[in-house]
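Here's the structure we're looking at; comments come further down.
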Amino acid sequence: MWRNMGRSLLWKAKVFNAVIFRSNGSCCGVSAKKWTRPSGFDTGLKTFNSLTKQKEPLILAREGVATWYSCGPTVYDHAHLGHACSYVRFDILQRILSRLFGITVIHAMVITDIDDKIIKRGWEENVSPTIIARLYEDEFKKDMLSLKVIPPAVYLRVTENVHQIVTFIEQIIKNGHAYATPEGDVYFDIQSIGDRYGKFVGSVDSQGEAGSSNKKDLRDFALWKPSKPQEPYWESPWGRGRPGWHIECSTMASSVFGSQLDIHSGGIDLAFPHHENEVAQSEAYHQCGQWANYFLHSGHLHLKGSAEKMSKSLKNFITIKDFLQSYSANEFRMFCLLTKYRSAIDYSDSSMLEAQTSLGTISTFFHDAQAYMKGQLQCSPVQEAVLWERLAETKASVVTALADDFDTPRAINAVMNLVYHGNCQLQPVSKSDGGARSPAVFGAMTGYIRDVLDMFGMDVLHTKVQEADVMSSSGSLEAVVEQLTNFRSEVRAFALDRSKTSGLYPERIPLLKACDNLRNDLAPLGVLIKDRGATSTWEITQGQRGQKVQDQGQDPETSS
């Protein structure tokens, strides 16, 4: 259904004059930190680029294709909601590019499976670091699938690419931008690139990372470091050792995408020093002026009331598995959608309740619209022309919002506004006047909303009951509920019959009370019955959070 709604204009432009490093590290022709607008395919979108600190037109090297690299996890422990927030947010952005704007996203991600933290965890558990890494890598991938994150085109493990990393380092040394020490360390020479270092905020005044006293500059960072006794190691021209952290991403992104990358993503905490050092290494290796054209950074997840991000090192995290015991993947995605991807986000029960309420409102509209289309819901004549107009406005608003730096809160607000206007037209009445009905517009509205939610990775009709596969494949539970609802409808119809009196028969009021009680008792068990005039409909909801029918706007029978 979705078509490419962004402008697909090919730039007939001038050839991009890449800035080449001189052997002494200075640059030809441009200011050291100036971002150069790429030539190529204009997607029609604008996105906030951390390299320029402002929104820029998103222009891709190839028409209809975006190359995208993201920093994956260091696999030494369970993934937590802070990780989930970043990966889900960028999954949503990639889905928008693909589903709405017709861009094929080629996504590669590195798995850091050798690191000081992994080695330490192996010692603590008295097992090989490889076992630790594989265990938590598998858990990470399962967690991502449980959150409906589309896997990248390729996962790359550091340990399987060390030979490429060694070759990459050798070329940086050859190009005059790194040096080895007598102890077997290899450092990137920041002075060799002049004032090109410092493209992200706060980087220029950095004290640098700890290391050998033989560093030329305190800011120089490790490309290779010698292994200590009993640590894993690989052979290299500088002795036995293992890669530094930053060089992993430069090497593996280059192995997949070469000297030109459209988009690089990660959490805002990675901007410096990790992404700063990646840029320095990659441009020194490829001898180019602009390796990655766009850096997208997601905001931190905070526990409400805390100024610190959720972090394993701070011991203030909630694992993804624990979270999914209480909430669904749909609810977490809606939680993420309600804030901009680059904004910090507060996690709390109240913020999750907001996400639940939004999904519940949409779900209720879906079921009411279905009941109307089936003829089960009687209401006043629908202002059909108004709803068609609202639907067209919503479609335009959603595209405009998402083309403006993937503004999901504005897009969700447009959808919720459409739901509101739909609900206003679906107010039940006791008796129909037999006028014309308008089911087509509600079919179009629910179809569109379902497509938008699917684009965002959500299925509003897919409940945790279904996810847990509680219902048997034979559909026996649905059959029981169907029969139970039919029986109840017959009792209500008899009790409500006023053919021989102007009001209810007093002796039948206990029947209506019994129907009320049954409806209310079933709601906490996950069966929601809605009375629509003389008929009733039902749906299976999440039992542990079932609520009284009165909360859904239903009145007791005896009050009618």
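The values are calculated or read from the model by the stated rules, or taken from the named source; none is laboratory data. Since we're looking at a predicted model, the values are computed, not measured. So basically every Cβ, Gly included, is an ideal-geometry build from the backbone, and we count neighbours across all protein chains shown. We work out accessible area using only protein heavy atoms, side chains counted, and drop any ligands, DNA or RNA first. Shrake-Rupley method; radii C 1.70, N 1.55, O 1.52, S 1.80 Å.
Points worth noting:
- The peptide list 290-297, 44-51, 444-451, put in order of mean Cβ contacts within 10 Å with the highest first, becomes 290-297, 44-51, 444-451.
- Accessible area in square angstrom per residue, the stretch 346-388, 1.4 angstrom probe: 45
- Residues whose placed amide H lies under 5 Å from that of residue 317, excluding near-sequence neighbours: 311
- For residue 49, distant residues with modelled amide H under 5 Å away: 54, 55, 56
- Of 55/340; 215/309; 117/216; 228/321; 141/395, pairs whose Cα-Cα distance is over 24 Å: 215/309; 117/216; 228/321; 141/395
- Highest average packing first - 58-65, 103-110, 185-192, Cβ atoms within 10 Å: 185-192, 103-110, 58-65
- Assuming charge only on the beta carbon of Lys and Arg (+1) and of Asp and Glu (-1), the dipole of the stretch 315-400 about its Cα centre is about 320 debye to the nearest 20.
- As a rough guide to protection, the peptides 243-249, 369-375, 344-350 ranked by mean Cβ packing within 10 Å, highest first, stand as 243-249, 369-375, 344-350.
- Measuring nothing but protein heavy atoms, the accessible surface of the stretch 249-362 at 1.4 Å probe radius is 50 percent carbon and sulfur.
- What the phi angles of the stretch 259-276 give under the Karplus curve with 6.51, -1.76 and 1.60, with θ = phi - 60°, is a coupling list of 8, 9, 10, 6, 10, 10, 10, x, x, 4, 5, 8, 4, 9, x, 4, 6, 4 Hz, glycine and proline written as x.
- Using a probe radius of 1.4 angstrom, the carbon and sulfur fraction of the accessible surface of the stretch 86-216 is 52%.
- For residue 298, nonlocal amide neighbours, meaning residues 5 or more places apart or on other chains whose placed amide H falls under 5 Å from its own, are 266, 267, 268.
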